[in-house]
Structure formats: structure tokens, C-alpha cells
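J.: Please see the structure below; I have some questions.
The values are calculated or read from the model by the stated rules, or taken from the named source; none is laboratory data. Every value quoted in this text rests on a predicted model; they were computed, and no experiment measured them. Every residue, glycine among them, receives a Cβ derived from its backbone with ideal geometry; neighbour counts consider all protein chains shown. Heavy atoms of the whole protein, side chains included, go into the accessibility calculation; ligands, DNA and RNA do not. Shrake-Rupley method; radii C 1.70, N 1.55, O 1.52, S 1.80 Å.
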Amino acid sequence: MSDLISTSACEQARRVAEKSVSAAELCDAYLARIDTLDSELGSYLLVDHEGARAQASAVDAAIASGDAVGPLAGVPIGLKDLLVTKGLETTAGSKILKGWVPPYEGEVVRKLRNCGAVVLGKLNLDEFAMGSSNEHSAVKLCKNPWDLERVPGGSSGGSAAAVSASLCAISLGTDTGGSIRQPASFCGLVGLKPTYGRVSRHGLIAYASSFDQIGPLAKSAEDAALMLEVIAGADVQDATCSTAPVPRYRDACAQNVKGLTIGITEEMGGHDVDGPVSDAISAALADLENAGAKLKRISLPHTKYALPTYYLLATAEASSNLARFDGVRYGLRCGDDEALEEMYGMTRDAGFGPEVKTRIMLGTFALRAGYYDAYYKKAQQVRTRIAEDFQNAFFEVDVIASPTAPTTAFAFGAKKTPIDMYKADVFTLSCNLAGLPGLSMNCGFDNTGMPIGLQLLGAPMQEEMLLRCAADYQRHTDWHTRRPSFGGQS
Ligand code: GLN
């Protein structure tokens, strides 16, 4: 069983379907690991022992009676606690939502349950997904299984730590400016942020609605492909959700990189990349070249403005999205119901953490009457330019490669100011500004044994291209098979 735990979700699904392991056994094995190990790691905010066991038994019963089951049947998964789950507390990592038990199921969660995935619980995150280290979780610390002194990345830190430590087979995170890819990079996983509109945002607590996407964190490209097949697709409950048919993404994983052109540029992230990271990226590009891909220099001249553009637009959207948390309908309420204005103020003051308050203030500032043209409108114009840069580049190349982050996972407390923290996102933000799909995969380790992530960006709806490159790279290398020693994995 311990081998099965650290293997891929695809393998687990196969084993359950062929009845060589039962969904109940698999589920119990993961629950036991969580119960022994997660008090040290901090990746789960809630573990649904009872619900998970019930779901696993239902899968076993269906298989026993010969019913058709979905492709994730019996696979134990974890969900970032920004995804609304019916009957299961959903906190967004914030005190303001503590105790909120949603009366409805988010669309991706519904799809997952329908196809037999076993939901083990809800995973830690930076409060309202604002952060790059999980240090802004208002609930508890989440550590990196590769080194417990370091952050797992953020905001989907729990989603990355849990998969890496094999406390679930695969997880969902969300990515507004890098929150799937950067923690995937810090924890040595594949993280896939789909094209904006590829996956329904229904039941995703909104941070910045024109950026947010849900996507998988997984041990292999094939696992990410499997998860995307299940969660992608049209949804009338999300007006921005595409009706384009969902390909069988696992088929793309069978293809190789021969003849593909990979774009490279220094313009996206500046030059502040740690030596071991840039060395590993160069080596990975050489590997891809050896496997038959061509490298081509490209120019993305406006991506150097991605950081201020993103932090202006995302905070503007956040300030309006978070206005709904006022103590009236959900979670925390402070003060006297009779004094409404005062109740709003006291609830928001007590309920939101410092980073969330900073973002609300920044966003409100940017949207003030009289300043709209100077800030918000200008940033929207730059956003368009960045999207055009990519459009032009994708006439010449199939994917664009870069580091996912300028460094490997940093120590707790290492980023002293918000700006220092924001700079950790230089490579990931452009992708969300342009609405593109982006993937991070492990391409080596630094001299302290921390994983390094290679980022691949694709043209809109070209997730298959990213998965194809990642899968072929993983056929040629074995970085993705390494596991941290935490929890006795190696
Ligand atoms: N680190 C970025 C931020 O704090 C991105 C977060 C995310 O993708 N949710 O906004």
C-alpha cells in the first residue's frame, strides 16, 4: 500500500477499476497518513473522514455491481479551501468565513464527485488566495515537505504540500497570478493553470474574477491531464466559461516534442534569477532540444510591466469582490446588529488579516473617482499590450519557457516586505494577464535539495501543447519521480 500511496493518480484509478485495491482501502491509507503526518505539515484545514469513506464505499459498490465509473473513481483528492463544498466548512483561509458551511456545491466539485473522486478534505492557503508563501493563512502554518523550515509556496500551498507529501493523490488549486504554478515549483510537482474560461469558476470564492482559474497540482503530466479532462468544460453558471469541446488531454501526453518550437526570452522576469535555477532551466531546455524541439528567441516587450499591472488590477477587482464579506450573510459578525455601519467595520476589521486589508485599500485607492484613467484604465491598456505580445509570439513558437519563480522555496519570514513577496511572482503574472494556459514542472534541484520549476506557457486553449511537452520531458527525465523524505517516502 505504501508504494501505491506515492504513485500516480492514473495508476491508482487503474488499480481501483481492476479491483486490485479497493477505494475504501486506498482512502483509509491516505486518511491514516494525514492523521499521523499532517499535524506537522499543516496542509489540511479540514479532513472529512466520514464523507471520504462514504464516497469510497460507494465507488466500491458501483464497481462490484459492474456499473460504469468515472475516470477518477476511487482516487483520493484534496481541494483548496477556496472551493465551495456543500455541507463542508469553507473558509478561504480567513477568520471572516470561519464556520461557514456552504449550502451548495461548486461546479468542479460536483463534477469530481460525479466521476467518483474521493474528497479527503480542504487544503490550506493564503487568506483569500492573496500571497505567494501560504504565510498569510489566517488559520495555521503550512510547511514544505522538502524542508520543513521553508514555505510550500502560495497561495495554493496546502494543495502543493499535500500532494508532495502524498497526503492526497492529486489536488485542486487556483491561480490568479501564479498560485498553482509557483507552489508546484516549490514542492516539485506539475501544476497546470488552464486558459481563462476553460474551467468553470462557479463555486470558486472570487479573488480577481478576470484572472482566477482552477487547476490541478499533480505528480505527473498525465495526472494533470486526467484531472483537467474531468473539470474542464462549459457551464451555464459561469458566463465566462468556454463552450469549446474538452479534448482527451491524456492523448496529448502520448505525443512527443519533435518539431515543436519553444520560445525563450529574458524580458519576462528581469535578470534576478538565482544561479541554480537558471542552470536547471538551461539544462531542461537542452534536454527538450535533444528530444527534438527547437529553441527560438522571442520578444515580449511589455511583460516587464506585468508586476505593477497585475497588482493594480487584481487588487481593484479584489476590493470589489471582498465587499460582500460584511457580517450580514456569511461567517463572522462583530458588534451590535442595530448599528449597521459599525457592525460592517468591526466585522471586517476583526475578520480580515493584514495582507487582505492592504489589498482592499490598494484596490480602493486605484478605483477612486478622478484616478480611474491614471491607474485602472492605464493598467487595462498595458494588459492588452501584454496579451498582444503573446499573440505575436505564438505566431512563431508553440510554447514559451521560463523559470516558474526566480528562486526555490524560501525560508519562513524571508520576505520582509509585501513588495519582496510580490517580486516572487514576476514569471507567473503575465500568463494570467493574457488569460493563457501555463504549466510548471520539476526540472531539477538546487544544492540544498529544493525543487526547481520550469514554466511553459501556451496559446489560449492549447493545454494539450503544454501537457505534451511536460509528458515528453518526463519520459526523458526522472525528476518528477523523486519524493521528499518527509513521511518516509524516500
Ligand atoms: N501571489 C499572487 C498574489 O498574491 C498570486 C496569487 C494567486 O494566484 N492567487 O496575488
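J.: Please report the relative contact order for the chain, taking Cα pairs under 8 Å with a sequence separation of at least 6, and give it as a percent rounded to a whole number.
T.: It rounds to 18 percent for the chain.
J.: Also, quick follow-up: Send over a whole-number figure in Å² for the accessible area per residue of the range 67-161, probe 1.4 Å.
T.: Per-residue value: 26 Å².
J.: State the number of lysine pairs found in the range 345-486 whose Cα atoms come within less than 25 Å, restricting to pairs 8 or more positions apart or on distinct chains.
T.: Lysine pairs meeting the criterion: 8.
J.: Within the chain, what whole-number % of the accessible surface is contributed by carbon and sulfur, with the 1.4 Å probe and all protein chains included in the calculation?
T.: After summing per-atom areas, the C and S share lands at 52 percent.
J.: Can you tell me the relative contact order of the range 167-323? Whole percent, Cα pairs under 8 Å, sequence separation 6 or more.
T.: Relative contact order of the range 167-323: 22 percent.
J.: Are there DSSP H segments in the chain that both extend 24 Å or more along their axis (alpha-carbon positions) and score a mean Kyte-Doolittle hydropathy of at least -0.5? List them, or say none.
T.: Both cut-offs are met by 23-41.
J.: So, one more: What is the dipole size for the range 335-378, taken about its Cα centre, with +1 at each Lys and Arg Cβ and -1 at each Asp and Glu Cβ, in debye to the nearest 20?
T.: I would put it at about 600 debye.
J.: What does the chain give for Rg and for Dmax, in Å, if only its C-alpha atoms count?
T.: Computed over the Cα atoms of the chain, radius of gyration and Dmax are 21.2, 70 Å.
J.: Of 6, 460, 421, which is farthest along the charge dipole of the chain in the positive direction, counting Lys and Arg as +1 and Asp and Glu as -1 at C-beta?
T.: 460
J.: Can you tell me what share of the DSSP beta bridges in the chain is antiparallel? A percent to the nearest 5 is fine.
T.: About 65 percent, rounded to the nearest 5.
J.: In square angstrom, rounded to the nearest 10, how much accessible surface does residue 408 have for a 1.4 Å probe?
T.: About 10 Å², rounded to the nearest 10.
J.: In whole angstrom, note down how far apart the Cα centers of the range 177-200 and the range 46-70 are.
T.: Computed from Cα coordinates, the inter-centre distance equals 28 Å.
J.: Another question, then. Taking 7 Å along the Cα-to-C-beta vector as the label spot, tell me the residue 101-residue 371 distance in nanometres, rounded to one decimal.
T.: 4.2 nm
J.: Here's another thing I want to ask about it. Calculate the dipole size of the range 305-429 relative to its Cα centre from +1 charges on Lys and Arg beta carbons and -1 charges on Asp and Glu beta carbons; express the result in debye to the nearest 20.
T.: Roughly 260 debye for the range 305-429.
J.: Between residue 392 and residue 338, what's the calculated FRET efficiency when r is the beta-carbon distance and R0 is 51 Å? Round to 0.05.
T.: Calculated value: 0.30.
J.: Are there GluC sites (Glu not before Pro) in the range 101-152 that DSSP marks as loop and that have at most 14 other Cβ atoms within 10 Å, and which are they?
T.: Within the range 101-152, the qualifying GluC sites (Glu not before Pro) (loop, at most 14 other Cβ atoms within 10 Å) are 149.
J.: Here is a further query. Which order do 359, 14, 329 take when ranked by solvent-accessible area (1.4 Å probe, heavy atoms of all protein chains), largest first?
T.: From most accessible down to least: 329, 14, 359.
J.: To continue, here is another question. Report the gain in length on full extension from residue 328 to residue 272: 0.36 nm times residue separation, minus Cα-Cα distance, nm rounded to one decimal.
T.: Length gained between residue 328 and residue 272: 15.6 nm.
J.: Subtracting the Cα-Cα distance from 0.36 nm times the residue separation, let me have the gained length for residue 489 to residue 18 in nm, one decimal.
T.: 167.0 nm
J.: Sorted by accessible area with a 1.4 angstrom probe, largest first, how do 210, 166 fall?
T.: 210, 166
J.: Give me the one-decimal nm value for the distance between modelled label points at residue 149 and residue 53, 7 Å along each residue's Cα-to-Cβ direction.
T.: Going from the residue 149 label point to the residue 53 one covers 4.0 nm.
J.: Alpha carbon centre of the range 219-267 versus the range 402-422: separation in Å?
T.: Between the Cα centres of the range 219-267 and the range 402-422 lies a distance of 28 Å.
J.: Can you compute the FRET efficiency between residue 417 and residue 349 using 1/(1 + (r/R0)^6), with r the Cβ-Cβ distance and R0 = 22 Å? Round to the nearest 0.05.
T.: Working from the Cβ atoms, E equals 0.45.
J.: What pairs in 86/143; 98/122; 98/140; 80/143 have C-alpha atoms more than 19 Å from each other?
T.: With Cα atoms farther than 19 Å apart: 86/143.
J.: Here's another thing I want to ask about it. Just to verify a number: FRET efficiency for residue 36 and residue 251, C-beta to C-beta distance, R0 = 30 Å, to 0.05?
T.: It comes to 0.20.
J.: Report the charge-dipole magnitude of the chain in Debye, nearest 20, computed about the Cα centre from +1 at each Lys and Arg Cβ and -1 at each Asp and Glu Cβ.
T.: For this selection, approximately 480 debye.
J.: Now a separate question. Return one whole number: the accessible area per residue of the range 179-293 in Å², for a 1.4 Å probe.
T.: 31 Å²
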